[in-house]
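In what follows, a structure is listed as structure tokens, so that the remarks can point back to it.
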Amino acid sequence: MKTDHSKHQQTWVSNQWYVAAWDYEIDRTPLARTICNETIMLYRRFDRTIVALHDACPHRLLPLSMGIKEGDDIRCRYHGLLIDSHGVAKEMPLKNDTVNKRACVKTYHVVERHRLIWVWIGEQDKCDPDLIANFWPCSSEGWVFDGGYTPIACDYRLMIDNLMDLTHETYVHQNSIGQSELMETPINTRVEGNQVFVERWIPDIKAPPFWRDALKQDGKVDRWQICQFQIPNTIMIDVGVAPVGSGATLQKHDQGVRGFVIDAITPATKTTSHYFWGMARNFDLDDAGFTARFRKQQSGVFDEDVAVLEAQQRSIDANPNMKLKVFNIDEGGMKCRFIINKMIEGSPKQ
Amino acid sequence: MKTDHSKHQQTWVSNQWYVAAWDYEIDRTPLARTICNETIMLYRRFDRTIVALHDACPHRLLPLSMGIKEGDDIRCRYHGLLIDSHGVAKEMPLKNDTVNKRACVKTYHVVERHRLIWVWIGEQDKCDPDLIANFWPCSSEGWVFDGGYTPIACDYRLMIDNLMDLTHETYVHQNSIGQSELMETPINTRVEGNQVFVERWIPDIKAPPFWRDALKQDGKVDRWQICQFQIPNTIMIDVGVAPVGSGATLQKHDQGVRGFVIDAITPATKTTSHYFWGMARNFDLDDAGFTARFRKQQSGVFDEDVAVLEAQQRSIDANPNMKLKVFNIDEGGMKCRFIINKMIEGSPKQ
Amino acid sequence: MKTDHSKHQQTWVSNQWYVAAWDYEIDRTPLARTICNETIMLYRRFDRTIVALHDACPHRLLPLSMGIKEGDDIRCRYHGLLIDSHGVAKEMPLKNDTVNKRACVKTYHVVERHRLIWVWIGEQDKCDPDLIANFWPCSSEGWVFDGGYTPIACDYRLMIDNLMDLTHETYVHQNSIGQSELMETPINTRVEGNQVFVERWIPDIKAPPFWRDALKQDGKVDRWQICQFQIPNTIMIDVGVAPVGSGATLQKHDQGVRGFVIDAITPATKTTSHYFWGMARNFDLDDAGFTARFRKQQSGVFDEDVAVLEAQQRSIDANPNMKLKVFNIDEGGMKCRFIINKMIEGSPKQ
């Protein structure tokens, strides 16, 4: 695989949905966040719908996120240009001046779904809500979902490589969740359209403590780990165990206890990213303490990844002539990058 | 208006005087300051005249401002080359060596006037003291003047835009001096040679508290605000009130109480500037407490501008393809930029 | 002399030995250090021999210095690729995978000599241990040697200029070791192959306190200072005194007390360097207190140089059109740079 070190080539796919925030991050006060090199601000209207506007006043470019909210509108902090929540100027700095109709702010299509806020990056008239990644466990009955946000100073694709290969757990996470026995089970990698799956089925084992506690019964189990990459940048990892003989298969496994590790890694710039992570589960639904403890643990595990990925990014920058090599374990990440690269070639430039 | 994002084009006018410091900042110890991309150091001779030299030893480029003062001369801290206050080498590192006459330091014409230190940037043989901005209230009988210095991380022209438009007071300074009634009075903008005026005459109003205290009488007043831009980078804002019927006009208004807000914004680099600000007044001349309190207040007001202008600069940098728009309120700043751009085209490159 | 401000031209000689560390800095835990723009890590095997490897895993470029030592091998912290101390992969992330023979890490020839660790930068097959600078006083019977390490943010050649001219002591070190009488003695500069010597012989003087204490007798002495530059970046300064009439000459002077100031300045990048410094002496050999005090003093003196050289580098960067001038005192440094430049032209590009 060839890592492109060109400073000019785009590294993400346009005309796609990118997670911009958690639902709980957005309220009536604007949040400023750079998504795919675009400075964007987000806030909620009174009716709780979400606004995503380019974060620069069309007049003198002051970030609108520094402005003063007036109902659903925002007034620029510099000269008082009033912009409504559709990006249209309503009032000039001098109130009697005729409103300059060219003084518009770019708006982004935005959807709140699966507890996350998705922004359409690319041609706004090509926007298609059906393309939002199917994070169904995050918003389905019988499931509970929580998670957090971590900024990370690396190319978002390094995190995709990381998540599509679970062998790194042994070393990166040797002080937390690393388990060398996982390494002994073969994995299967396959592509379905623009999705990549890395699957592992571990039959007839003693349940590890975490899963025994979730299952609340002893005895041998079948265990699975299924990483699912969806264009442009999301990964769901389906994990769980079911009692041996309960009929669970790699394809269908609702018999036991199940969780989904949820990941969306949104490019901020070429070498910085927003990492949204969490876990959805179908057990201990009312145990808020479990939710809080697991979120804390997951945050600690991802901090271990952040340390490694930021060091990797620095090393890539320091060795511009070196290319990343591909081993067997990288098959999943490589297939994701292949799809990403193919779509970048076919996608409009920002 | 088109904002030039070229990295190579000069953004200031050469062959002009730029304020390098306040008079009280310069003494016998050198002060190092970058003016229009040139590293300059300033100090006073025993006779209190001021020296402005390029701040790099002609030998190995160590900043001379790190050197050792010997009378009016300065000895480089590295090898001891002795430079006199006219930039000429007097003594080599080895005292018996013949003085190398090519070892000269560039000197800058420098003038102390109106309480400020002005340095000529450009061709030194074209220097003309008559071109110094006429800050007469800063050095006339019957007036008192004081002020301060604030470094600011933005293109100096953003501050000129800011000062030539007083509508921003309503929002930027809403917690300090903002007054929305000012917005209701029309302004007049006019150009006189290389000067730009933005004027506002507010007749027959109740004096605001600040001016009533200055005037020391009740009753209706006429009020004025006149911004005067002088090439290359200075602005004086003539403000005050006079009792109705005292004969004050927009053109002549010595009947009441009057102040001048004084501003000089000197480029350090393309995106950093030195902001020298103050106020001259013709009332309460002996009230040192007023001077101190006003200076403190003015500093706080300008800190509000700094926060906005630095955010504006960052947004301009983050959005290289966006241009600043011009509304009616920007007419003053736009006319200043027009004159600046015209003179840059005609001025020698540094 | 013309200072080359080109960003692309190499400023150091390839196919040479560069000091990477003190012997006491290297043990079984890897030390990461950038040498001539190459990220290198060093550690000792069980048998105390030293390993120098490129500090990037051939798989995904994570710095190997973050890895886990297993005997003499190192396992990458990311996916567990196991690399032996010759840079050859021994075990893949999945232990049963066939070892990828292209997954090799660049190794550097490394030699421990004269208490320092020398790494060969350039074509590894051209490596020649005979080219290591002859720091004989650092490893000879009858001598004791100690020193330290200081990172410095300047082009390594600025430090060579500094060390090859001892007149700067008067000013840079006026608060420590500066002595103006040294300036009155003429120096002689000569070139021998790729070595440059700057010599000063001061006959028949009262010994300064430091040397009187070392000599342990009163009376007149002859004193010498001989700076010796050896390609690519080392300097030894032979200093000492001998009683008048003891037969000491500039060429041969073992009659009194003698020390060598030892300097190696290794480029990290074009504008950052590693400074290894110390002193070897042939007197008070068993006085550990002398060693400790002198090391402390020497560290303080070099901190004075660091302040000046880093300011010089910043001034060079701020004045890209200015050239360093050459005075008589710079003859030594100029001759070193002449040899360096000539060898850079003839040396392979990295």
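Going by the conditions given, is C:ALA133 hydrophobic (A, V, I, L, M, F, W, C), over 30 Å from C:LEU324 (Cα atoms) and either surrounded by 19 or more Cβ atoms within 10 Å (Cβ to Cβ) or at pLDDT 95 or above (or both)?
No, not satisfied.
Being touching a helix residue (DSSP H, G or I) at 6+ places or on another chain (Cβ under 7 Å) and within 7 Å of chain A (Cβ to nearest Cβ) is the filter here; which residues of segment B:305-330 pass it?
B:VAL308, B:ALA311, B:GLN312, B:ILE329
If you check A:ASP305, A:ASP286, A:ASP317, A:ASP330, which single one turns out to be under 20 Å from A:MET236 (Cα atoms), assigned by TED's automatic domain parsing to the domain that holds A:ASN188 and over 18 Å from the mean Cα position of the chain (by Cα)?
Going through A:ASP305, A:ASP286, A:ASP317, A:ASP330 in turn, the sole match is A:ASP330.
If C:CYS154 satisfies all but one of (1) farther than 20 Å from C:TYR43 by Cα; (2) assigned to a loop (DSSP other than H, G, I, E, B); (3) not assigned by TED's automatic domain parsing to the domain that holds C:THR291, what's the number of the condition it fails?
Among (1) farther than 20 Å from C:TYR43 by Cα; (2) assigned to a loop (DSSP other than H, G, I, E, B); (3) not assigned by TED's automatic domain parsing to the domain that holds C:THR291, the lone unmet condition for C:CYS154 is (3).
If we only count strands (runs of 3 or more DSSP E) wholly inside segment B:66-105, which ones have 3 or more residues that are under 34 Å from the mean Cα position of the chain (by Cα)?
Fully inside segment B:66-105 and qualifying: B:68-70, B:73-75.
Looking only at segment B:201-238, filter to residues that are within 21 Å of B:ASP165 (Cα to Cα) and acidic (Asp, Glu); which one of those is surrounded by the fewest Cβ atoms within 10 Å (Cβ to Cβ)?
B:ASP238
Out of (1) more than 16 Å from the chain's Cα centre (by Cα); (2) within 14 Å of another protein chain (Cβ to nearest Cβ), the odd one out for A:ARG28 is which?
Just one mismatch for A:ARG28, condition (2).
Test C:GLY142 against the stated conditions and say whether it is more than 14 Å from chain B (Cβ to nearest Cβ), surrounded by 22 or more Cβ atoms within 10 Å (Cβ to Cβ) and either at negative phi or in contact (Cβ under 8 Å) with a residue 24 or more places away in the chain (or both).
Spelling it out, it is not the case that C:GLY142 is more than 14 Å from chain B (Cβ to nearest Cβ), surrounded by 22 or more Cβ atoms within 10 Å (Cβ to Cβ) and either at negative phi or in contact (Cβ under 8 Å) with a residue 24 or more places away in the chain (or both).
Does at least one position in segment A:109-121 carry a residue that is within 20 Å of A:ASN37 (Cα to Cα), in a loop (DSSP other than H, G, I, E, B) and among the aromatic types (Phe, Trp, Tyr)?
No, the conditions are met nowhere in segment A:109-121.
Check segment C:300-314 and report whether any residue there is crowded, with 22+ Cβ neighbours inside 10 Å, not hydrophobic (A, V, I, L, M, F, W, C) and not in a helix (DSSP H, G or I).
no
With the structure loaded, tell me whether A:LEU64 is surrounded by 21 or more Cβ atoms within 10 Å (Cβ to Cβ), farther than 30 Å from B:LYS325 by Cβ, not assigned by TED's automatic domain parsing to the domain that holds A:VAL196 and not β-branched (Val, Ile, Thr) or whether it fails that test.
Judged against the criteria, A:LEU64 is not a match.
Given (1) buried (at least 22 other Cβ atoms within 10 Å of the Cβ); (2) in contact with a Ser or Thr (Cβ under 7 Å, 6 or more places away or on another chain), identify the lone condition not met by B:ALA268.
Only one criterion in (1) buried (at least 22 other Cβ atoms within 10 Å of the Cβ); (2) in contact with a Ser or Thr (Cβ under 7 Å, 6 or more places away or on another chain) is unmet by B:ALA268, namely (1).
So A:TRP211 clears everything in (1) within 12 Å of another protein chain (Cβ to nearest Cβ); (2) part of a helix (DSSP H, G or I); (3) of a type outside the set (A, V, I, L, M) except one condition, right? Which one?
Of (1) within 12 Å of another protein chain (Cβ to nearest Cβ); (2) part of a helix (DSSP H, G or I); (3) of a type outside the set (A, V, I, L, M), only one is false for A:TRP211: (1).
Out of the residues in segment C:53-108 meeting the condition of being on the phi > 0 side of the Ramachandran plot and in contact with a Pro (Cβ under 9 Å, 6 or more places away or on another chain), tell me which one is farthest from the other protein chains (Cβ to nearest Cβ).
Taking the candidates together, the pick is C:GLY87.
Would you check if C:ILE50 is farther than 30 Å from C:ALA280 by Cα and more than 11 Å from chain A (Cβ to nearest Cβ)?
Spelling it out, it is not the case that C:ILE50 is farther than 30 Å from C:ALA280 by Cα and more than 11 Å from chain A (Cβ to nearest Cβ).
Would you confirm whether or not segment C:200-207 contains a residue that is touching a strand residue (DSSP E or B) at 6+ places or on another chain (Cβ under 8 Å), of a type in the set (Phe, Trp, Tyr) and in contact (Cβ under 8 Å) with a residue 60 or more places away in the chain?
Looking for residues that are touching a strand residue (DSSP E or B) at 6+ places or on another chain (Cβ under 8 Å), of a type in the set (Phe, Trp, Tyr) and in contact (Cβ under 8 Å) with a residue 60 or more places away in the chain, one finds none in segment C:200-207, hence no.
A:VAL196 is checked against (1) in contact with a helix residue (DSSP H, G or I) (Cβ under 6 Å, 6 or more places away or on another chain); (2) over 30 Å from A:ILE121 (Cβ atoms) and fails just one. What number does that condition carry?
A:VAL196 satisfies every listed condition except (2).
Among the residues of segment C:221-234, is there at least one that is of a type in the set (A, V, I, L, M) and not in a loop (DSSP other than H, G, I, E, B)?
yes
Can you name the condition, by its number, that C:MET41 falls short on among (1) out of contact with any helix residue (DSSP H, G or I) (no Cβ under 8 Å at 6 or more places or on another chain); (2) free of Cβ contacts under 8 Å to residues at least 40 places away in the same chain?
(1)
If you go through segment C:99-139, how many residues are touching an Asp or Glu at 6+ places or on another chain (Cβ under 7 Å) and of a type in the set (S, T, N, Q)?
Residues flagged as touching an Asp or Glu at 6+ places or on another chain (Cβ under 7 Å) and of a type in the set (S, T, N, Q) within segment C:99-139 amount to 0.
Step by step: first the residues of segment C:90-108, then only those that are among the hydrophobic types (A, V, I, L, M, F, W, C) and at pLDDT below 95, then the one that is nearest to C:GLU123 (Cα to Cα). Which residue is that?
C:CYS104
Return yes or no: is C:THR291 hydroxyl-bearing (Ser, Thr, Tyr), surrounded by fewer than 22 Cβ atoms within 10 Å (Cβ to Cβ), touching a strand residue (DSSP E or B) at 6+ places or on another chain (Cβ under 6 Å) and more than 23 Å from C:ILE160 (Cα to Cα)?
yes
Which residue out of C:GLY333, C:GLY240 is touching a helix residue (DSSP H, G or I) at 6+ places or on another chain (Cβ under 9 Å), part of a helix (DSSP H, G or I), under 30 Å from C:TRP201 (Cβ atoms) and of a type outside the set (Lys, Arg)?
Testing whether each residue is touching a helix residue (DSSP H, G or I) at 6+ places or on another chain (Cβ under 9 Å), part of a helix (DSSP H, G or I), under 30 Å from C:TRP201 (Cβ atoms) and of a type outside the set (Lys, Arg) leaves just C:GLY333.
Which one of A:ALA89, A:ALA56, A:ALA32 is outside the structural domain of A:TYR156 (by TED's automatic domain parsing), closer than 21 Å to B:ILE316 by Cα and surrounded by fewer than 17 Cβ atoms within 10 Å (Cβ to Cβ)?
A:ALA32
Of all residues in segment A:280-300, which are of a type outside the set (A, V, I, L, M, F, W, C) and either touching a residue at least 60 places away in the same chain (Cβ under 8 Å) or over 19 Å from A:ASN175 (Cβ atoms) (or both)?
A:ARG281, A:ASN282, A:ASP284, A:ASP286, A:ASP287, A:GLY289, A:THR291, A:ARG295, A:GLN297, A:GLN298, A:SER299, A:GLY300
Test A:ILE265 against the stated conditions and say whether it is in contact with a Phe, Trp or Tyr (Cβ under 6 Å, 6 or more places away or on another chain), aliphatic (A, V, I, L, M) and in a strand (DSSP E or B).
yes
How many residues does segment A:137-151 hold that are in a helix (DSSP H, G or I) and farther than 22 Å from A:ILE26 by Cβ?
The qualifying residues number 0.
Just to be sure before I move on: is B:GLY259 of a type in the set (Gly, Ala, Ser) and crowded, with 20+ Cβ neighbours inside 10 Å in the structure I sent?
Considered against the rule, which asks whether it is of a type in the set (Gly, Ala, Ser) and crowded, with 20+ Cβ neighbours inside 10 Å, B:GLY259 comes out as yes.
The values are calculated or read from the model by the stated rules, or taken from the named source; none is laboratory data. These figures come from a predicted structure and were not determined experimentally. Positions of Cβ are backbone-derived with ideal geometry, glycine not excepted, and every protein chain shown enters the neighbour counts.
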